[in-house]
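First up is the structure itself, then whatever we jot down about it.
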Amino acid sequence: MLSSTLCRCGKEGFYLRRHSGEILCKRCFVKSVEKIVLKTIKRDKLIIPDDQVMIALSGGKDSVVLIHILSKIERSYDTALFAITVDEGLRGYREEGLGLAKRVAEKLGIKHHVITFKEAYGHSLEQICKFAEEKGVGLLGCTFCGILRRRLLNDAAMKMGATKVATGHNLDDEAQTILINILRGDISRLARLGTKPIRLREGFIPRVKPLRYVPEREIATYAYLKGYPLYERECPYVRASLRDEVRDLLNNIEARHPGTKFAIVKGADRISDLLKEKIEESEVGRCSRCGAPSGREVCRMCEVLSMLGIDGSFINHLAE
Ligand code: SF4
Ligand SMILES: [Zn+2]
Ligand SMILES: [Zn+2]
């Protein structure tokens, strides 16, 4: 609470936006976050009339804030919303988020579905990580999780007739991902990171990130002000990831140089605009095993499943 300073509306200040110096009361803070999200949606046409939007709802604060704000604008955009939670099968971690996701969707009157790794791939993430250890596959839990979850969301979106998949990635997530791609030298992924929905090819439902310009701290504050419980249980695999190191690094820099995360994301947007056309032109094709759109002969999902000795032949053959 900022007791000695006032918001621009004259009320008592509640939140100091360090990167801009703005002081906001509770009401102006909430309005301001919503305004940023709406501006992003409009400017980049993230959602257009008649869209069927599938919201990836983990139950964490980001996806809860996303579904809350999208539910407020649903009618004015004439869109249909539904939510989906991916249950990776992480005992002691996912249950709480799953329960929260169900309650939030129910409260907002939004249809909610749950899909599991076990059903889709025959094994939970825990089992997959165990196989990896036994087989000496040197990939981290987050790598399997990211590849398999992305594919699952896309397949579910296709089956359920979604035209967009909305995810709760915030400014911090995006700045981290950009830095990770640079550290890995993965320029093509950098090109695909912009906020605008891009349809790379048939069989790929565009993903949109309406919270891309809202810092994590503001999302947590918004969720708190709206009365949503914050579940901060940590995934057992998160501490081993490169993302975790990059998160700490960026938080330290941001504390000393406010605005750094914004600068990284805005700079990457410009690079993405310049590179996008080239990438869209050059990357066409399908995975020779599952038929999913892929820039490689064999997609990442098929690659990791075969490394683990998991038979992926029962997975949707998207080319058919
Ligand atoms: S921290 Fe990693 S393993 Fe855990 S849910 Fe997130 S991406 Fe998956
Ligand atoms: Zn105010
Ligand atoms: Zn494949």
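Here, each number is a calculation from the coordinates, and none is a lab measurement. Note that this is a predicted model, so its numbers are computed, not measured. Cβ: placed from backbone, ideal geometry, glycine included. Neighbour counts: every protein chain shown.
Worth a mention:
- Structural size metrics of segment 30-283, computed from C-alpha coordinates, are Rg and Dmax of 17.8, 53 Å.
- Global geometry of segment 223-264, whether rounded, prolate or oblate, following the gyration tensor of its Cα atoms and the 1.5 cut on a/c: oblate
- Relative to the longest principal axis of the Cα atoms of the chain, the long axis of helix 171-184 makes an angle of roughly 40 degrees.
- Of the peptides 110-118, 249-257, the ranking by mean beta-carbon count within 10 Å, highest at the top, reads 110-118, 249-257.
- 23 Å Cα-Cα threshold exceeded, pairs from Lys61/Lys111; Lys111/Lys266; Lys72/Lys266; Lys209/Lys276; Lys61/Lys261; Lys102/Lys209: Lys111/Lys266; Lys72/Lys266
- For the residues Ser241, Ser20, Ser124, a GNM of the chain with alpha-carbon springs under 10 Å puts the largest fluctuation on Ser20.
- Within the chain, percent of DSSP bridges classed antiparallel, to nearest 5: 25 percent
- Residues Val238 and Met307, FRET efficiency given R0 of 22 Å [Cβ-Cβ distance, rounded to 0.05]: 0.50
- Reachable aspartates and glutamates from Lys118, criterion Cα separation under 20 angstrom, eight or more residues apart if same chain: Asp87, Glu88, Glu95, Glu96, Glu126, Glu133, Glu134, Asp155, Glu303, Asp311
- GNM result for the chain, Cα springs below 10 Å: residue of Met158, Met54, Met307 fluctuating most strongly: Met307
- Within a straight-line Cα-Cα reach of under 15 Å, Lys11 can be paired with the following aspartates and glutamates, leaving aside sequence neighbours fewer than 8 residues apart in one chain: Glu22.
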